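The values are calculated or read from the model by the stated rules, or taken from the named source; none is laboratory data. Given the structure is predicted, the values throughout are model-derived calculations rather than measurements. As a convention, Cβ positions derive from the backbone with ideal geometry for all residues, glycine included, and neighbour counts pool all protein chains shown. We work out accessible area using only protein heavy atoms, side chains counted, and drop any ligands, DNA or RNA first. Shrake-Rupley method; radii C 1.70, N 1.55, O 1.52, S 1.80 Å.
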Amino acid sequence: MDFFTHPSNVQGIPISKFSVPGSDVDTSIVSRDSTTTRAFYSIGSVPSRIPGTRDIKGFFSFLSGLAWSFNLTSPRTYRGNLINYPDDGRRYLAFDEYVSNQLFPLPPQLGRNMEYTYEDYQMYFTLYLGYYEGKNVNFGVGPIYGLAVYRMDIIEREQRISSVKNQLQELKGLRLLFEYNIGQYFPDTILYNAYVFLEVTSFGDLDGKGMNIRNQVTTANGLPAPSLYMNMTTYRMGVRKELQLSKEPHKKEEGPAYPPLKNLPSAGLPPKEDTKTETENPG
């Protein structure tokens, strides 16, 4: 998870922070977080072909390669640090001081540091623009669209300076999915249709702006802070097992499984032909 801002500008010209390694004129990363591992629950559907497109041929045959799925995740909490956001904490009285502070901010050890807590849960759909479904291997890639409900607290010097709760944000991203059928090795067990999967999901990278996160932080001079954006990349791997929640439809039987036997005694009674013969010839 990365938080970043668009740098301040003077008359439409972005000010690049020369002393920050890796910064550019488009964005400035203000978070300092390592890779975080979080366990979470997710309910979703397996990729399914769009109804009516599997057997399309001709000009619209490309529709047969489309598939879709949905996901609903449980809340996940992340903690981290913001460095020199929205500035390094130095007050400025004149315009030249403001420009100087932007061009030459204090190093992270001496600048402004804040802690944040971010929590959200997500609901989104994936449209696989290319989905290959083989006998034992499935592969798909496509965009994501949905919504997230989030809350974010920012703490500076042991004081909560921003608390935003139950906010909605738009989810945009990209997903890559690879699945391999391990059930082929267990045909007579409950794992007969189990798949091991690898899933890479990136949120906020489609338009290059990231996801806009609301906050109430102000600059050192008490002015509104520039927007805080976020992007997130998640990696998941595991085993999925398809569950059948309905019975298979009964097939109409064309006839008995075996031909009926003739002259089969019923309830111990002799066949009708034998009874008639014994009556005609009693002795």
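Extension gain, ARG151-ALA94: 0.36 nm per intervening residue step, less the Cα-Cα distance, totals 16.9 nm.
For THR233, the solvent-accessible surface computed with a 1.4 Å probe is close to 60 Å², ligands and nucleic acids excluded. Hydrodynamic estimate: the Kirkwood radius of region 92-154 over Cα pairs, inserted into Stokes-Einstein at 37 °C and 0.692 mPa s, corresponds to D of 192 µm²/s.
Each of the peptides 148-156, 185-193, 104-112 was scored by the mean count of other Cβ atoms within 10 Å over its residues; in descending order, highest first, they stand as 148-156, 104-112, 185-193.
With the simple spin-label model, which puts each label point 7 Å out from Cα in the Cβ direction, the LEU103 to PHE197 separation comes to 5.3 nm. Modelled spin-label separation between THR233 and VAL46, with each label point placed 7 Å from Cα along the Cα-to-Cβ direction: 2.9 nm. Straightening the chain between ASP188 and LEU245 buys 18.6 nm, computed as 0.36 nm per residue apart minus the Cα-Cα spacing.
Only alpha carbons enter this Debye calculation for region 31-166, each as an equal point scatterer, and the log10 of I(q)/I(0) it gives at q = 0.10, 0.12, 0.20, 0.21 Å⁻¹ is -0.60, -0.72, -1.16, -1.21.
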